[in-house]
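Working notes, beginning with the structure itself.
Laboratory data are not the source of any read-out in this text; all were calculated from the coordinates shown. Keep in mind that what you see is a predicted model, and the values were worked out from it rather than measured. All Cβ positions, even for glycine, are placed from backbone atoms using ideal geometry, and neighbour counts span all protein chains on display.
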Amino acid sequence: MSVAKIDVEAIQDDVFAIEKPEALLVTYWKRLRRHALATVSLFTLAAIVLLVIFGPMIMSQLTYYNADQGEYVNYSRDTIDLLTTRAGPSLEHPLGTDELGRDTLFRLMIAGRLSLTIAFSVVLISETFGLFLGGVSGYFGGWVDSVIQRFTEFVVVLPSLPILLTVASITRGIQIPFLAEEWTQSIIIIVILSMLNWTGACRLSRAMILSLRNQEFAEASRALGMSNMQIIGRHMIPNTLAPIIVNATLGLGGVILVESALSFLGFGINPPVATWGNMLQDVQSDMLGAGFWKAFFPGFFILTTSLAFNYLGDGLRDALDPRLKL
Amino acid sequence: MTNYLIRRALQMVLVVFVSTIVIYTILQIAPGGPLDGLGRQNGDQKSEISDAQRQRMEQNLGLNRPGYLRYLGWAVGEYWIDELGDILGNPGDPETQLFITGTWSDYQSPTCQEAGGTNAGFVVADGLSRPCARGIVLFDFGESWSVAPGRQVIDILADRVPPTVRLLTTVVILSLVVAIPIGIISAVRQYSVLDYIVTTFGFFGISMPVFWFGLMLIILFGQKFRELGLPFFPSGGTNSFPRVARGSLQDFLAIDPGSAGDYAVHLVLPTIMLTLVYLAGWSRFMRASMLEVLRQDYVRTARAKGLRERTVIYRHAARNALIPLITIIVFQIPGIFSGAVLTESVFSYPGMGRLFIDALGRNDWPIVMGFLYINAILVVIATLIGDVLYTIVDPRIRFE
């Protein structure tokens, strides 16, 4: 009884040596690179993220001459300098100072951390929730689908900005125990924004799953005895990921805008904690003072970030799924 | 179709009903209220109020009622509370809720009690204010708590509607007049320079923090122009009555303060700010819709018939491309209405949105609820009109 030994590896080598298929991610990357603006956006975003993470770290080690305290102090978010208020750009304060003499550049970078954290959290939570709910809705159909769809329609119909403002205004007094104030405010804003933001992902994943559900591979999985949850988790959701990722990227720009608008109106994150929105808060009353210096850069960062996310989303749409039209 | 309309109308009523309950409940359980801070100042005897005063104020505002009665009082009025209490045997917690007569008439406002708990036989000129609240179903939104204490909310809202409507009408008309031709041209000349400009502009429009754009407009056309001695624009309000500022645009053009021209000048900057958003969105949409239509067979047929390109584009393609744009705009109208919140805040423009922000900041819930209620109604009506428009403009769509 001797069986000829089969050299599996050699056979595999033979097969793959002819033409090694390109990894999917490489394909995506190549396609994305073709979209010039999306590539630029990707690098811009990377630069902004690096800036807001490492900028404050480095800058807080440096010192500047604080005229009010009469000595050199480290840069920080809240250190005021009442003798150097509303200053234009200088070597010590590259982007000037605000009405309390705080360094605008430092506040801008630390604000970016919070604004970006909020945007990523909201999108992560709402897209995951929407993906799951839409998946269940589309896969099971019937009354489950009806209930979820009516609920989605209800949330879509709600006038979102007034509701956001209302909820944000009445949760202003809430303080989560053992948490810093800025985290309480951020968590509340994240929850509120997520609550109204999941409907797009839900509809998208439902539509995708409705078309996937009856295809042969789903049929085959069912015949092999996979449970419903396994099929949703292993086959359905991975197949809907492409449009969801595109939707999420486009959503990031939107969330940054809404969060900054809330903070601007005074219903989001409140000073002294800085976000890009609330740094613009009292520009109107301060128009005669440092109006321009105070107002320009936070808004410019909001615009750049949001624009970059939108272009990146546009590029990803072409790269991930050329057939896709959102 | 009739069946569909009836079903949708019922659904709409339900949506408005559920959303008012949800919002009302959130407002009730929220910390802080109109009496928050009163009588709590430590050490300051003068500003403290006695418990009796507090109870009186709570009764005035209807805050002593249990939650469900508060909602019902807001929705359908309070004139029935006494009688319903009698029928039910006045259940409730006598210690905390019923402190005067021990019946549900304590839940009525003092003016209502004085009138005997009913509006019967009571005639007033304006037809709105009655001793007993009649609820929003009869357009009684109650009295303002803190923005304009004692004034009827509906009167306050009525004052604020015209400025907002003026602003929004200008914005919508201007956006449409510009967006439609731009969309058509950039679709017909796809990949031309103009097309690239339009698409880039569209991306900027959706990514722009509008309030920042508004601030920049004020700084440039209000502040910098004034500094440079150029005729500058007013930075807020609806008019400059009684006197225009020296060197302003009205002064330059010799426009009388308070005249129509004065109002128009005040509209310019807010209109630019709000138009940017809708212009960008709608021209993008029109372009996409037009590109879709230009691929259709009937456009090729029209060309094959030898029609002039002009006729093909305007008579055959553009008219069909307009259909989705119109429906999307109908859906968006309530959104424009609430989107004015930001614009009006930036320009201190005394419209509905500004009122809403003021009311939120000062816990004036009757105004907040009134605004949200009107908004919810607008949304469902717009949704229904949009759905019906679909069937009218495109008879292939049928609702079962």
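To one decimal place, what Kirkwood hydrodynamic radius in Å is obtained for the range A:115-248 from all pairs of distinct Cα atoms?
Working: mean 1/r = 0.0612 Å⁻¹.
Kirkwood radius, the range A:115-248: 16.3 Å.
Mind checking the mean number of beta-carbon atoms from other chains within 10 Å of the Cβ atoms in A:266-276?
If you average over the peptide's residues, the count of other-chain Cβ atoms is 1.
Report the calculated FRET efficiency for B:Val393 and A:Thr117 (r = Cβ-Cβ distance, R0 = 41 Å), to the nearest 0.05.
Details: r = 45 Å, r/R0 = 1.10.
Using R0 = 41 Å, I get an efficiency of 0.35.
Could you check the spin-label model distance between A:Phe54 and A:Ser227? Points 7 Å from the Cα along Cα→Cβ, value in nm.
4.7
Please compute the modelled spin-label separation between B:Arg319 and B:Ala52, points set 7 Å along Cα→Cβ, answer in nm with one decimal.
7.8
For peptide B:210-217, how many partner chain Cβ atoms fall within 10 Å of a residue's Cβ, on average? Walk me through the intermediate numbers first.
On the way: counts 3, 12, 16, 2, 1, 11, 6, 0.
For peptide B:210-217, the averaged partner shielding equals 6.
Could you check the simple spin-label distance between A:Ala207 and A:Tyr72, using points 7 Å along Cα→Cβ, in nm with one decimal?
6.0
Helix by helix through chain A, keep the DSSP H runs that span 27 Å or more along the axis on Cα and average at least 1.0 on Kyte-Doolittle, and give those back in order.
Details: long enough: A:36-59 (33 Å, 2.40); A:104-140 (53 Å, 1.38); A:237-265 (40 Å, 1.51); A:291-320 (43 Å, 0.64).
The qualifying helices are A:36-59, A:104-140, A:237-265.
For B:Glu143, enumerate residues with amide H under 5 Å from its amide H, sequence gap 5+ or separate chain, H modeled in the peptide plane.
Under 5 Å from the amide H of B:Glu143: B:Val153.
Sorted by mean Cβ packing within 10 Å, highest first, what order do the peptides B:7-16, A:97-106, B:336-345 take? Intermediate values should be presented prior to the final figure.
Working: B:7-16: 14.7, A:97-106: 21.7, B:336-345: 23.4.
Result, highest mean Cβ count within 10 Å first: B:336-345, A:97-106, B:7-16.
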